[in-house]
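First up is the structure itself, then whatever we jot down about it.
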Amino acid sequence: MRLKTDHPNQLIARLDVTASIIERISLFVSVIFGGSMVFIVIAGVIARYAMRNPFAWTEEASRFLMIWMVLLGMSVVTRNRENLCVEFLVIKLPVLLQRLTKLINELLVMGFLYILVVEGFKMAFKAKVQIVPSLGISMYYPLLSIPVGGLLTMVQLGLQMFIDLLMWKTKTSPYKLILE
């Protein structure tokens, strides 16, 4: 669900534009990684079955690209408010309780993302010396996807939470937030 960038509240409009820029960058990189993954897998299949000489690196390269793509995609999903959630009971509550429930849920997710980012950076730095045999690169680069994806998702979630807080006084359910 998107906010209109010409929203009367200029702060909400600016936050939405910022979230949109981050989303576009994440999507662009994800599409590049996804396309690269497809070409690598096709090259691996051709090498294995047509030339009978498989490449050793295609499986790991495609796996690492897929992980990067998925973790960058977390921020896009968060931006579009399409996270997996069960709203069945919550939407039956009064709007104030819906907002409180959503805020508590988002704070818990933010806490998890914080841990993911901090521990992800620690894990990536510890793995700097570990080399991926088939690719000859440091495990730092594949593992860096965890904190980078978590950080982008934290930013997007923070922007969405701030927009929700600015909309606190409206009577619109936070689960059906479509601003015009």
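Scanning the stretch 67-93 for residues that are open to solvent by less than 80 Å² (accessible area, probe 1.4 Å) and either modelled with pLDDT of 90 or more or among the aromatic types (Phe, Trp, Tyr) (or both) yields Ile67, Trp68, Met69, Leu71, Leu72, Gly73, Met74, Ser75, Val76, Val77, Thr78, Arg79.
Scanning the stretch 98-121 turns up at least one residue that is open to solvent by less than 80 Å² (accessible area, probe 1.4 Å), under 30 Å from Ala56 (Cβ atoms) and in a helix (DSSP H, G or I). Pairs linking a residue in the stretch 155-167 that is assigned to a helix (DSSP H, G or I) to a residue that is among the polar types (S, T, N, Q), with Cβ atoms under 8 Å and 6 or more positions apart or on different chains, are Val155/Ser75; Gln156/Ser75; Gln156/Thr78; Leu157/Thr78; Leu159/Thr18; Gln160/Thr78; Leu166/Asn9. Would you pick out the residues in the stretch 54-84 that are assigned to a helix (DSSP H, G or I), among the charged types (D, E, K, R) and under 17 Å from Met154 (Cβ atoms)? Correct list: Arg79 only. Scanning the stretch 122-150 for residues that are surrounded by fewer than 17 Cβ atoms within 10 Å (Cβ to Cβ) and closer than 18 Å to Leu27 by Cβ yields a count of 0.
The values are calculated or read from the model by the stated rules, or taken from the named source; none is laboratory data. Remember, predicted model here, so these are calculated numbers, not experimental data. Positions of Cβ are backbone-derived with ideal geometry, glycine not excepted, and every protein chain shown enters the neighbour counts. Ligands, DNA and RNA are stripped out before the accessible areas are found, and what is left, the full protein with its side chains, is counted by its heavy atoms. Shrake-Rupley method; radii C 1.70, N 1.55, O 1.52, S 1.80 Å.
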